[in-house]
Amino acid sequence: MTHRTPAQAFSDQPRDWRNYIDGRFTDNGAEMIDVLNPATGTLLGRIPETDADQVDVAVKAARHAQGAWEKLPAIERAGYLRKISAKLREHRLELADLIVKEQGKIRGLAQVEVDFTADYIDYMAEWARRIEGEVLTSDRPNETMLLLRKPVGVVAGILPWNFPFFLIARKMAPALVTGNTIVIKPSEETPLNAYLFAELLAETDLPAGVFNLIGGRGHVSGEALASHPGVDLITFTGSVATGSHIMQLAAKNLTRVNLELGGKAPAIVLKDADLDLAAQAIYDSRVINTGQVCNCAERVYVERPVHNAFVEKMKALFEATRYGDPSVLEDLHMGPLVSQAGLEKVARAVDLAREQGAQVIIGGKAADLGQGFHYEPTLITGATEKMDIMQRETFGPVLPIQVVDGLDEAIALANDSEYGLTSSIYTRDLNAAMQAARELKFGETYINRENFEAMQGFHAGRRKSGIGGADGKHGLYEFTETHVVYIAG
Ligand code: NAD
């Protein structure tokens, strides 16, 4: 039998990929799902629709493996994680190429995603020697109390399509280093990179059942996984509607949830800001990943005296945007939207903004490139508070701007949102920046820089943007629970 290396596996013609359960690639069921290249609409491969019975097999495999995995010293678990990150680095070019073709990301960003993912796994592995408990004095004489930090058990990770590769690591690495096992369900829009991840992971000696991958649609395999009573924690990244639904499914079994949901990040530009810096950072934040990033600036509040100058700078940047098919073109700012549905959602949002009285300064329609789901980079002015374009997540290369009279008004408008993930402010005034830091009700605030979180921070949303968070020490401990032990003297 010839061994197919992952590199060959992807350079082949479209093929059927197989779930990875209990250390084996399993036989597929009857139904397969097509995965398309969003820049061309061509078939890239097919993945299985995993039914409830197969989901059950995966959860049981994770449960079976968890006992022995938890008993390993954390530093040994970290060793396995480092073998996985080394595999990713060995295959970094193929992995990035697959993300380009499958999600429509430009090549440079896809490469950043792969490299950041390997670094993230190593960063989480470093926590192995730093997972802390506590020793407390007791109310009784000579008694000691121990607060032990334990794994929650079996984790289900349900992923979106916008950073499909990195999000595997954001779920898997902290789960595994703290002694949990995991079942991952990638988005049906962009699952192939997760299947390639599993093929690389299978080349390491990670014990069977510790990492399991199942494919399928949300309402079938996602639903079966989220409602499985054998899951101890669901860590989900995706839309508010799905997050709310998953929470209802979890409630039936009282399964814990960690939810990273949508955003409508405000950017505030004050009259004393470095306007070039602000325009460039907000532009970068808007076109990165074709505007499909939960934490990037989606609405701008600009102080009246600098409104026109700011709009001129933004317009110049939007006009110079290069976009197209990233699998054949280099040096692009952005690729296509992920799907026809994504394209239609963005088009509807811009049409509604027009109907509600906003002005489209540049862009404002689907881009005619002959094929693929492309939308023109779009700048909108004259937006007002009640317009949908200032309230609903657009998830595309569309930037609406509203004029404001002062910081207090900008902060009030920024906070008047059902979302509370990230926010940003551009100013040279330290007092204004500190007022924003105090009064903005968001999980993150970026001052004079674009929105992009660091792995040692804590990425967490307020209001409908989520429950719990990810990254750093606080994100790691979301995968643990505290066990109190009383030792009588
Ligand atoms: P989505 O909610 O449509 O899908 C996410 C995942 O949920 C997919 O794997 C899907 O199959 C699954 N799913 C759908 N219905 C389900 C159901 N009934 N039961 C169980 N699972 C189900 O989201 P998407 O379109 O893939 O991703 C875009 C959204 O994700 C945006 O709103 C974006 O803001 C958000 N997002 C948030 C963060 C964050 O860190 N807060 C990061 C990335 C993306």
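Scan the stretch 137-164 for residues that are in a loop (DSSP other than H, G, I, E, B), in contact (Cβ under 8 Å) with a residue 60 or more places away in the chain and either under 25 Å from the mean Cα position of the chain (by Cα) or exposed (fewer than 12 other Cβ atoms within 10 Å of the Cβ) (or both) and report the count. Spell out the reasoning first.
As a first pass, look at the stretch 137-164 and keep what is in a loop (DSSP other than H, G, I, E, B): 138-143, 152-153, 159-163.
Narrowing the set further to residues that are in contact (Cβ under 8 Å) with a residue 60 or more places away in the chain leaves 138, 140-143, 152-153, 159-163.
Checking which are either under 25 Å from the mean Cα position of the chain (by Cα) or exposed (fewer than 12 other Cβ atoms within 10 Å of the Cβ) (or both) leaves us with 140-142, 152-153, 159-163.
Adding up the residues that qualify gives 10.
Exactly one condition in (1) more than 30 Å from Arg15 (Cα to Cα); (2) touching a strand residue (DSSP E or B) at 6+ places or on another chain (Cβ under 6 Å); (3) surrounded by fewer than 22 Cβ atoms within 10 Å (Cβ to Cβ) is false for Gly179; which is it?
(3)
Return the only residue of Asn308, Asn295 being under 23 Å from Ala349 (Cβ atoms) and of a type outside the set (A, V, I, L, M, F, W, C).
On the way: Asn308 fails: under 23 Å from Ala349 (Cβ atoms).
So the residue among Asn308, Asn295 that is under 23 Å from Ala349 (Cβ atoms) and of a type outside the set (A, V, I, L, M, F, W, C) is Asn295.
Can you tell me which residue among Glu444, Glu355, Glu393, Glu418 is within 16 Å of the ligand (Cβ to nearest atom), surrounded by fewer than 15 Cβ atoms within 10 Å (Cβ to Cβ) and of a type in the set (D, E, K, R)? Full working, then the answer.
Values: Glu444 fails: surrounded by fewer than 15 Cβ atoms within 10 Å (Cβ to Cβ); Glu355 fails: within 16 Å of the ligand (Cβ to nearest atom); Glu393 fails: surrounded by fewer than 15 Cβ atoms within 10 Å (Cβ to Cβ).
Of Glu444, Glu355, Glu393, Glu418, the one residue that is within 16 Å of the ligand (Cβ to nearest atom), surrounded by fewer than 15 Cβ atoms within 10 Å (Cβ to Cβ) and of a type in the set (D, E, K, R) is Glu418.
Need the failing condition index for Ile246 against (1) buried (at least 24 other Cβ atoms within 10 Å of the Cβ); (2) under 19 Å from Gly406 (Cα atoms), just the number.
Ile246 satisfies every listed condition except (2).
Regarding the stretch 127-135, can at least one residue be identified that is assigned to a helix (DSSP H, G or I), within 18 Å of Ile84 (Cα to Cα), touching a residue at least 60 places away in the same chain (Cβ under 8 Å) and out of contact with any Gly (no Cβ under 7 Å at 6 or more places or on another chain)? Break it down stepwise before answering.
Looking only at the stretch 127-135, we keep the residues that are assigned to a helix (DSSP H, G or I), and these are 127-130.
Subset that is within 18 Å of Ile84 (Cα to Cα): 127-128.
Then drop every residue that is not touching a residue at least 60 places away in the same chain (Cβ under 8 Å), which leaves 127.
Filter again for out of contact with any Gly (no Cβ under 7 Å at 6 or more places or on another chain), leaving 127.
Yes, that holds for at least one residue.
Looking at the stretch 230-241, can you tell me whether even one residue there is in contact with a His (Cβ under 9 Å, 6 or more places away or on another chain) and either charged (D, E, K, R) or surrounded by fewer than 21 Cβ atoms within 10 Å (Cβ to Cβ) (or both)? Write out each step before concluding.
In the first step, residues of the stretch 230-241 are kept if they are in contact with a His (Cβ under 9 Å, 6 or more places away or on another chain); the result is none.
There is no residue in the stretch 230-241 that is in contact with a His (Cβ under 9 Å, 6 or more places away or on another chain) and either charged (D, E, K, R) or surrounded by fewer than 21 Cβ atoms within 10 Å (Cβ to Cβ) (or both).
Tell me yes or no: at least one residue of the stretch 157-167 is among the polar types (S, T, N, Q) and away from the ligand (no atom under 16 Å from the Cβ). Steps first, answer last, please.
Taking the stretch 157-167 and keeping what is among the polar types (S, T, N, Q), we get 162.
Subset that is away from the ligand (no atom under 16 Å from the Cβ): none.
Checked against the condition, which is being among the polar types (S, T, N, Q) and away from the ligand (no atom under 16 Å from the Cβ), the stretch 157-167 yields no hits at all.
Can you tell me which of Leu270, Leu277, Leu254 is under 30 Å from Gln402 (Cα atoms), more than 10 Å from the ligand (Cβ to nearest atom) and surrounded by fewer than 18 Cβ atoms within 10 Å (Cβ to Cβ)?
Working: Leu270 fails: surrounded by fewer than 18 Cβ atoms within 10 Å (Cβ to Cβ); Leu254 fails: under 30 Å from Gln402 (Cα atoms).
Exactly one residue qualifies, and that residue is Leu277.
If I ask for residues that are in contact (Cβ under 8 Å) with a residue 40 or more places away in the chain, surrounded by fewer than 19 Cβ atoms within 10 Å (Cβ to Cβ) and within 16 Å of the ligand (Cβ to nearest atom), which ones from the stretch 306-352 would you list?
Selection gives Ser339, Lys345.
Could you please find all residues in the stretch 281-305 being assigned to a helix (DSSP H, G or I), buried (at least 19 other Cβ atoms within 10 Å of the Cβ) and not aromatic (Phe, Trp, Tyr)?
Of all residues in the stretch 281-305, those assigned to a helix (DSSP H, G or I) come to 281-291, 304-305.
Then drop every residue that is not buried (at least 19 other Cβ atoms within 10 Å of the Cβ), which leaves 281-283, 285-291.
Ala281, Ile282, Ser285, Arg286, Val287, Ile288, Asn289, Thr290, Gly291, listed by residue number.
Which ones in the stretch 199-229 are surrounded by fewer than 24 Cβ atoms within 10 Å (Cβ to Cβ), small (Gly, Ala, Ser), part of a helix (DSSP H, G or I) and within 16 Å of the ligand (Cβ to nearest atom)?
Gly218, Ala224
Six or more apart or on different chains, Cβ atoms under 7 Å: show the pairs whose first residue is in the stretch 183-203 and of a type outside the set (A, V, I, L, M, F, W, C) and whose second is away from the ligand (no atom under 16 Å from the Cβ).
Asn193/Leu95; Asn193/Leu98; Glu199/Pro6; Glu199/Ala9; Glu203/Lys87
Can you tell me which residue among Thr50, Thr117, Thr137 is β-branched (Val, Ile, Thr) and under 22 Å from Gln456 (Cα atoms)? Talk me through it step by step, then tell me what you get.
Working: Thr50 fails: under 22 Å from Gln456 (Cα atoms); Thr137 fails: under 22 Å from Gln456 (Cα atoms).
Going through Thr50, Thr117, Thr137 in turn, the sole match is Thr117.
If you check every pair at least six apart or on different chains, which have Cβ atoms under 6 Å apart with a residue in the stretch 462-484 that is within 21 Å of Leu146 (Cβ to Cβ) and assigned to a strand (DSSP E or B) first and a residue that is at pLDDT 95 or above and not hydroxyl-bearing (Ser, Thr, Tyr) second?
Thr480/Arg149; Glu481/Lys150; Glu481/Val152; Thr482/Leu147; His483/Leu148; His483/Lys150; Val484/Leu147
Conditions tested, residue by residue: (1) among the charged types (D, E, K, R); (2) surrounded by 15 or more Cβ atoms within 10 Å (Cβ to Cβ).
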{"position": "Val135", "(1), (2)": "no, no"}
{"position": "Ile168", "(1), (2)": "no, yes"}
{"position": "Glu188", "(1), (2)": "yes, yes"}
{"position": "Asn193", "(1), (2)": "no, yes"}
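Look at Phe452 and say whether it is within 16 Å of the ligand (Cβ to nearest atom) and modelled with pLDDT under 95.
Values: within 16 Å of the ligand (Cβ to nearest atom): yes; modelled with pLDDT under 95: yes.
Yes.
Can you confirm whether Gly472 is away from the ligand (no atom under 12 Å from the Cβ), at pLDDT 95 or above, at positive phi and under 17 Å from the mean Cα position of the chain (by Cα)?
Here the answer is yes, as Gly472 does meet what is asked.
Test Thr242 against the stated conditions and say whether it is near the ligand (Cβ under 8 Å from one of its atoms), of a type in the set (S, T, N, Q) and modelled with pLDDT of 95 or more.
Working: near the ligand (Cβ under 8 Å from one of its atoms): yes; of a type in the set (S, T, N, Q): yes; modelled with pLDDT of 95 or more: yes.
Considered against the rule, which asks whether it is near the ligand (Cβ under 8 Å from one of its atoms), of a type in the set (S, T, N, Q) and modelled with pLDDT of 95 or more, Thr242 comes out as yes.
The values are calculated or read from the model by the stated rules, or taken from the named source; none is laboratory data. Treat the numbers as computed from the prediction; the structure is a model and nothing was measured. Please note: Cβ atoms are built from the backbone with ideal geometry, for glycine as well, and neighbour counts cover all protein chains shown.
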